[in-house]
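Inspection log for the structure reproduced underneath, given as structure tokens.
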Amino acid sequence: MLRQEIVSDAETRLVVSGPLYGEAAIELEKKIEALCAGSYATISLDFSMAVGITSSIIGKLVSAQKRLAEQKRNIRIVGCSTTLYETFQKIKLDSIIQITK
């Protein structure tokens with residue numbers, strides 16, 4: 001499940017919950033793409049209630065960060081489980097995207 005929250009004129013937060021596989025993963029990828037096409041300077045993803053993640057979503061996050069950086073914008077992760085955080089560290093995603101546990 002996805003829920004978008006407007007934090008400020010410059011930032012939006014996408015709260016993601018449940019397992020991130022199958023249709024949920026596809027929906028998340030589409031939402032990330034739509035947010036990148038928008039004008040928010042910062043896109044925050046709250047994964048604190050998310051379970052698991054696919055390599056496809058990770059690829060979308062890396063692609064989004066590269067695209068947004070070219071526009072002087074950014075994407076960040078503002079919450080995640082210990083397991084998900086450790087996964088991000090193992091693949092060094094935290095060196096590309098700001099991640100706050």
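Since every read-out is calculated from the coordinates, none of them should be taken as a lab result. Given the structure is predicted, the values throughout are model-derived calculations rather than measurements. Cβ sites come from the backbone with ideal geometry, for glycine too, and all protein chains shown count toward neighbours.
Some points to look at:
Condition check ((1) buried (at least 19 other Cβ atoms within 10 Å of the Cβ); (2) in contact with a Phe, Trp or Tyr (Cβ under 9 Å, 6 or more places away or on another chain)) across all residues:
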| residue | (1), (2) |
| --- | --- |
| VAL16 | yes, yes |
| SER39 | no, no |
| LEU45 | yes, no |
| THR54 | no, yes |
| ILE77 | yes, yes |
| THR83 | no, no |
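- Taking the listed residues ALA50, ALA24, the one that is buried (at least 17 other Cβ atoms within 10 Å of the Cβ), among the aliphatic types (A, V, I, L, M) and free of Cβ contacts under 8 Å to residues at least 24 places away in the same chain is ALA24, with no other qualifying.
- Filtered residue count, region 47-101, keeping only those that are part of a helix (DSSP H, G or I), out of contact with any helix residue (DSSP H, G or I) (no Cβ under 6 Å at 6 or more places or on another chain), closer than 21 Å to SER17 by Cβ and of a type in the set (D, E, K, R): 1
- Only a single item in (1) outside any helix (DSSP H, G or I); (2) surrounded by 12 or more Cβ atoms within 10 Å (Cβ to Cβ); (3) without any contact (Cβ under 8 Å) to a residue 24 or more places away in the chain is not met by SER8, and it is number (2).
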